[in-house]
Amino acid sequence: MELALQEAQAAAARGEVPVGAVIVAPDRSVLARAGNRTIELSDPTAHAEILAIRDACSATGAQRLEGCDLYVTLEPCPMCAGAISFARIRRLYFGAEDRKGGGVEHGARVFSHDTCHHAPDVYGGMSERASAELLQAFFKTKRG
């Protein structure tokens, strides 16, 4: 989770919402790491999770990341939860919960639906305080 927090800090330094993600292979090697780049890339889908999934798939040459784990500093939104399901991520570890825009334990609860193709094991609250403080500090500066 420390690497995901580093990616979130780098995103904040770029003026992006500070969310970071890391994908770890079954052998515990890091396949990909990314931070939000929606502003930089002018792409509303350039969330940390999506970018990390794309990079990990490219690194493995596969469309699925079976056996891989995703660490992310914020509860994934519904779009990212859908991508996590389609990528067949084994385990999802996330930091801060997102009561407003989350798609895992809040909001859409993507993995809880019968129509969900694959639901990873989910572990929330990893480095929750550090993740939440980073987000709170970022939005405090944005709001004045």
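The values are calculated or read from the model by the stated rules, or taken from the named source; none is laboratory data. Computed from a predicted structure; not experimentally measured. Backbone-built Cβ (ideal geometry, glycine too); neighbour counts: all protein chains shown. Accessible surface areas use protein heavy atoms only, side chains included; no ligands, DNA or RNA. Shrake-Rupley method; radii C 1.70, N 1.55, O 1.52, S 1.80 Å.
Which value in deg cm²/dmol, rounded to the nearest 500, describes the helix-derived mean residue ellipticity at 222 nm for the chain, given -39,500 (n - 2.57) per DSSP H run of n ≥ 4 and division by the residue count? Numbers along the way, then the final one.
On the way: 4 runs with 51 residues, N = 144.
Value at 222 nm, helices only: -11000 deg cm²/dmol.
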Take the chain, connect every pair of alpha-carbon atoms lying under 10 Å apart with a spring to form a Gaussian network, then pick out the residue of Pro18, Pro26, Pro78 with the largest mean-square fluctuation.
Pro26
What is the gain in length, in nm to one decimal, between Val30 and Gln63 on full extension, counting 0.36 nm per residue of separation less the C-alpha to C-alpha distance?
10.2 nm
Return the whole-Å distance between the Cα centroid of the range 2-65 and the Cα centroid of the range 76-131.
15
Subtracting the Cα-Cα distance from 0.36 nm times the residue separation, let me have the gained length for Asp114 to Lys142 in nm, one decimal.
6.2 nm
Whole-Hz Karplus couplings 3J(HN,Hα) for the range 38-46, θ = phi - 60° and coefficients 6.51, -1.76, 1.60, Gly and Pro as x, run 5, 6, 4, 9, 6, 9, x, 8, 7
Between Gly20 and residues 5 or more places away or on another chain, the pairs with built amide H atoms under 5 Å apart involve Ala8, Thr73, Leu74
Here, Phe86 and Arg99, labelled 7 Å along Cα→Cβ, have an inter-label distance in nm of 3.1
Top to bottom by accessible area (1.4 Å), largest first, where do His106, His117 land?
His117, His106
